[in-house]
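Okay, so here's the structure we're looking at.
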Amino acid sequence: MLAFLIRRVLQTIPTVLAVVLLVFVLFSVVPGSIVSSMSDDSDPQVELRMKKQLGLDQPVYMRFGAYVARLATGDLGASFRTREPVTAMIAKRAWPTLQLIFASMAFAVLLGVPLGFVAALRPGSLVDTVSMMLAVSGLSLAKFWLGLLLMYLFALKLGWLPSFGYGDGSLKYLILPAVTLGVSPMALLARTTRAAVLEIMTADFVRTARSKGMSETRVVKWHVMRNALVLILTTMGLQFGALMGQAVVVEKLFSWPGIGSLLVDSVLQRDIPAVQGSILVVVLFFLSINLLIDVLYGVIDPRIRYA
């Protein structure tokens with residue numbers, strides 16, 4: 001298992017390096033100048049002095065080398081706007097984003113997986129039809145529109161929940177953004193679970209277990225559920241990573257102070273170090289979740305360790 005884990009970690013290193021290079025190059029060739037947007041003075045001497053202070057007067061390859069050297073020590077640089085360390089800026093925004101993502105995924109898993117199982121165990125029934133209609137609707141809804149609809153209903157009309165903001169970080173502020181973000185993965189998990197269970201229910205080893213007199217409950221528990229988990233975990237891992245990117249819309253809509261909001265604000269302000277740091281953190285989160293899913297694969301099915 002240790003060799004399997006080391007191999008998976010080593011496989012992520014080239015991906016991280018490629019992302020670092022791509023992000024740096026993209027923001028090095030983007031048109032316009034951060035200096036001109038920061039200064040109201042058109043004096044070339046002033047702009048030259050500001051470029052020197054920000055390290056933008058050096059060649060691209062030298063800036064990239066310095067950037068990689070800082071990353072090796074965990075330094076993401078300093079914000080062009082506030083001169084605050086980007087690491088500190090992201091650290092302040094990380095917990096709200098993690099709260100939102102984990103709450104959304106908990107909502108998606110707790111509702112989507114059981115819904116898919118029930119629909120697969122009773123194919124063609126009313127439960128199956130209704131659950132799949134809900135799943136298709138959940139995948140079709142735009143997060144921005146859904147968020148506004150939930151705000152209108154539960155905040156403005158019923159007055160049960162706050163419409164936006166982080167407040168004191170309590171659950172009532174988290175519910176609406178978490179549901180808005182979690183509806184899409186919930187729908188996808190429901191459809192994926194149903195498809196996986198239906199496929200496994202017709203497998204030879206399931207028919208063999210039934211022919212031996214094993215009860216339907218034990219067949220589902222010991223054969224169907226465990227084999228369906230591989231596909232379910234794959235979907236969960238992909239959705240976990242995707243939620244980090246999708247949270248940008250939800251965070252801006254609900255004024256949620258997370259990394260997504262920081263990324264959008266930094267792009268609008270052309271704060272390149274903050275943008276690069278935010279993107280790098282999002283990618284590392286996605287890769288970490290995929291690594292965790294790979295390890296869980298090996299736990300569920302030992303054959304995967306030798307693949």
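The values are calculated or read from the model by the stated rules, or taken from the named source; none is laboratory data. This one's a predicted model, so the numbers in the text were calculated from it and none came from an experiment. As a convention, Cβ positions derive from the backbone with ideal geometry for all residues, glycine included, and neighbour counts pool all protein chains shown. Accessible surface areas use protein heavy atoms only, side chains included; no ligands, DNA or RNA. Shrake-Rupley method; radii C 1.70, N 1.55, O 1.52, S 1.80 Å.
Going by what's in this entry, would Phe102 be described as on the phi < 0 side of the Ramachandran plot and part of a loop (DSSP other than H, G, I, E, B)?
no
Of (1) modelled with pLDDT of 80 or more; (2) within 13 Å of the chain's Cα centre (by Cα), Asn290 satisfies all except one. Which? Of (1) modelled with pLDDT of 80 or more; (2) within 13 Å of the chain's Cα centre (by Cα), only one is false for Asn290: (1).
For the stretch 211-282, the helices (runs of 4 or more DSSP H) that sit wholly inside it and include 1 or more residues that are open to solvent by 20 Å² or more (accessible area, probe 1.4 Å), more than 30 Å from Leu21 (Cβ to Cβ) and of a type outside the set (D, E, K, R) are 216-219, 225-253. Can you tell me which of Arg207, Arg194 is over 19 Å from Leu253 (Cα atoms), out of contact with any Phe, Trp or Tyr (no Cβ under 9 Å at 6 or more places or on another chain) and either open to solvent by 70 Å² or more (accessible area, probe 1.4 Å) or assigned to a helix (DSSP H, G or I) (or both)? Only one candidate qualifies: Arg207.
For the stretch 65-91, a residue qualifies if it is assigned to a helix (DSSP H, G or I) and in contact (Cβ under 8 Å) with a residue 40 or more places away in the chain, and the qualifying residues are Tyr67, Val68, Leu71, Val86, Thr87, Met89, Ile90.
Being assigned to a helix (DSSP H, G or I), at pLDDT below 65, open to solvent by 60 Å² or more (accessible area, probe 1.4 Å) and not acidic (Asp, Glu) is true for just one of Gln11, Gln53. Which residue is that?
Exactly one residue qualifies, and that residue is Gln53.
One line per residue, one yes/no per condition, for (1) out of contact with any Ser or Thr (no Cβ under 7 Å at 6 or more places or on another chain); (2) at pLDDT 80 or above; (3) exposed (fewer than 15 other Cβ atoms within 10 Å of the Cβ); (4) under 30 Å from Thr180 (Cα atoms):
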| position | (1), (2), (3), (4) |
| --- | --- |
| Val19 | yes, yes, no, yes |
| Val35 | yes, no, no, no |
| Asp41 | yes, no, yes, no |
| Val60 | no, no, yes, no |
| Pro85 | yes, yes, no, no |
| Lys92 | yes, yes, yes, yes |
| Trp95 | yes, yes, yes, yes |
| Leu111 | yes, yes, no, yes |
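Checked against (1) among the basic types (Lys, Arg); (2) without any contact (Cβ under 8 Å) to a residue 24 or more places away in the chain; (3) closer than 30 Å to Arg7 by Cβ, Arg226 passes all but a single condition, namely (2). Scanning the stretch 144-169 for residues that are without any contact (Cβ under 8 Å) to a residue 24 or more places away in the chain and under 22 Å from the mean Cα position of the chain (by Cα) yields a single hit, Trp145. Screening the candidates Leu171, Leu176, Leu161 for the property of being exposed (fewer than 15 other Cβ atoms within 10 Å of the Cβ) and hydrophobic (A, V, I, L, M, F, W, C) yields one hit, Leu171. Contact annotation: residue pairs with Cβ atoms under 6 Å, 6 or more positions apart or on different chains, pairing a residue in the stretch 278-298 that is free of Cβ contacts under 8 Å to residues at least 40 places away in the same chain with a partner that is buried (at least 20 other Cβ atoms within 10 Å of the Cβ), are Val282/Met244.
Report yes if Val295 is part of a helix (DSSP H, G or I), at pLDDT 80 or above, open to solvent by 20 Å² or more (accessible area, probe 1.4 Å) and β-branched (Val, Ile, Thr), otherwise no. No, not satisfied.
Checked against the criteria, Val130 counts as open to solvent by 40 Å² or more (accessible area, probe 1.4 Å) and free of Cβ contacts under 8 Å to residues at least 24 places away in the same chain.
Among the residues of the stretch 133-174, count how many are in contact with a Lys or Arg (Cβ under 8 Å, 6 or more places away or on another chain) and modelled with pLDDT of 85 or more. Matching residues across the stretch 133-174 total 2.
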